[in-house]
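Values in this text are rule-based calculations from the coordinates and carry no lab data. Just so it is clear, the model here is predicted, and its values are computed rather than measured. Here the Cβ positions follow ideal geometry from the backbone for every residue, glycine too, while neighbour counts run over all protein chains shown.
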Amino acid sequence: MRKAPATRKPGAGGARKKVGMSLFPVGHASHSDWRAAADAVLQQLRLQMAGPGHAQRPRLGLVYLSHAHAAHARPLLQHLARALPHVADWAGCSAGGVLAMSHEYLSGTALAVMLLDVPAAHYRLYSGLAPLHAPGGEAGFTAHSALVHAAGGQPELAELLYELSERTESGLLFGGVGDDGEDGVEGVQIACRTEDLHAQHADARGIFRGGFSGVAFGAGVPCITGMAQGCVPLGEGLEITEARGALVTGLDGDPALQRLLQLLGVELEGSDWQPALTTVRTTLAAIAPPGRGLAHGVLTEEAQVLTLVGLDPLRQGVALSSAVEAGHSVIFCRRQAQVARQELLQLGAALRDAAEPEEAAPEGEAQPRIRGAIYISCRGRGGGLFGGPDAELRTLRHALGDVPLIGFVAEAEIMDARLHRFAGVLTVFTA
């Protein structure tokens, strides 16, 4: 049995002001017309808010939309804001895939909205135009964790994420890096107040292209985050003894290519590199701090999975998808469907169990343990890894339970201040 993925519980142990016990309303729809999609979502949200068990006047809206709707982001948000006047703030992004409840909208057009019932004093929107303050920099609010929506192609994104994590008490970041849509459609990010949407001559305010944005939460918003990677290590970690940018040329003091082929059991016949290339295409490289990244035969959240993009016979090197440093460990691994499924089940179960109330509610006052969840997956996962349409979310919800869930498919996933590939990052908001 594989070890349950590690989880992070921001603010654990400290006194918190309760933020309510009701579920976060969720609405989702697939339609080529943005207005029709928004109206379908609004109908679902209204029904939930009018019924028992859900928040009635939540003030923070989380929006994920397909790239095809990105060009209409502003009128779409204005439409939502007019229909939901109690929602004061909006955050989100466009993505190549939208996730909601048990549905994975990976093609066509889709819209998903979750309304978070969080007091104004317990969260802040941030962006490049309104940066997050460091602890102590804003009276009455200190960021404890942060949801991040980032644009791809930023050369210094890793450094920016580290700086952002330093502006939170726990260092916990969770989120994803978006990609651009087909035909060069540029993705958008959303971080705006409703009053900005209604303001005149503010066409671009709160809707961004490039950079990163999101929502920072104070310790009064209890949440737990965990990650599943679904990769099987092929052996112990090897020390990177020589590297030039993304090209690793030395492992444990030996030529890197030689050590890799030995590990994979590949023997070259003359100048025929095709068998090696075929095997390498299914191999990944997890980079971690020296001597770390592996526990009980399982990758930990410190391991950042990269792809192998080429071989360099002349320099006996292995080219990775991102630059690495000598002294770090590399753990070669492969994705495996059964392992990915088991790890995702364990992640859902671990967060569900961690959300159990410390004390049972009085008789007749049973409270939901999880108010809502955000799940960021990778486009390298989904049906191709889990066996069919919606299979990944069905697997997760089998363990997590029937709780409100929203998310998107990312180019890369964010956990703490690290970028990951092929991972699923799950955050649950607890009662």
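Starting from the Cα-Cα distance between residue 121 and residue 44, subtract it from 0.36 nm times their residue separation and give me the gain in nm to one decimal.
Numbers: separation 77, 0.36 × 77 = 27.72 nm, distance 2.75 nm.
My answer for the length gained is 25.0 nm.
Any idea how far apart residue 266 and residue 35 come out in nm if each label point goes 7 Å out from Cα toward Cβ?
5.6
What nm value, rounded to one decimal, do you get for the distance between residue 273 and residue 209 when each label is placed 7 Å out toward the C-beta?
Taking the two extended label points, one gets 3.8 nm.
Out of every Cα-Cα pair in region 231-334, what percent are more than 18 Å apart?
Details: 2157 of 5356 pairs.
That fraction is 40 percent.
May I ask you to sort 314, 173 by Cβ crowding, counting other Cβ atoms within 10 Å and putting the fewest first?
314, 173
Could you tell me which of 149, 88, 328 has its Cα farthest along the dipole of the chain towards the positive end, charges placed at Cβ (Lys, Arg +1; Asp, Glu -1), taken about the Cα centre?
Of the listed residues, the answer is 88.
Measure nothing fancy, just the Cα-based angle from helix 34-50's long axis to the longest principal axis of the chain, in degrees from 0 to 90, nearest 10.
60
Give the percent of DSSP beta bridges with both residues in the chain that are antiparallel, rounded to the nearest 5.
80
Over the alpha-carbon set of region 383-426, divide Rg by the Kirkwood Rh and report the Rg/Rh ratio to two decimals. Display every interim value, and only then the final one.
Working: Rg = 11.6 Å, Rh = 11.8 Å.
In region 383-426, Rg relative to Rh is 0.98.
Work out the length of the dipole vector of the chain about its Cα centre, built from +1 on the beta-carbon of each Lys and Arg and -1 on the beta-carbon of each Asp and Glu, and round it to the nearest 20 debye.
1020
Run the helix sum for the chain: -39,500 (n - 2.57) per DSSP H stretch of 4+ residues, divided by residue count, reported at 222 nm to the nearest 500 deg cm²/dmol.
Result for the chain, helices only: -6000 deg cm²/dmol.
Name the residue farthest towards the positive end of the dipole of the chain from the options 337, 400, 49, assuming +1 on Cβ of Lys and Arg, -1 on Cβ of Asp and Glu, about the Cα centre.
Most positive-ward Cα: 49.
I want to verify a result. In a Gaussian network model of the chain, Cα cutoff 10 Å, which of these has the top mean-square fluctuation: 397, 379, 259?
259
Give me a comma-separated list of calculated 3J(HN,Hα) values for region 348-354, in order, Karplus coefficients 6.51, -1.76, 1.60 applied at θ = phi - 60°, integers in Hz, x for any Gly or Pro.
Per-residue couplings from phi come out as x, 5, 5, 6, 4, 5, 5 Hz.
I'd like to compare 108-117, 336-345: which one has the highest average count of other Cβ atoms within 10 Å, and what's the full order after that?
The densest-packed peptide leads the list: 108-117, 336-345.
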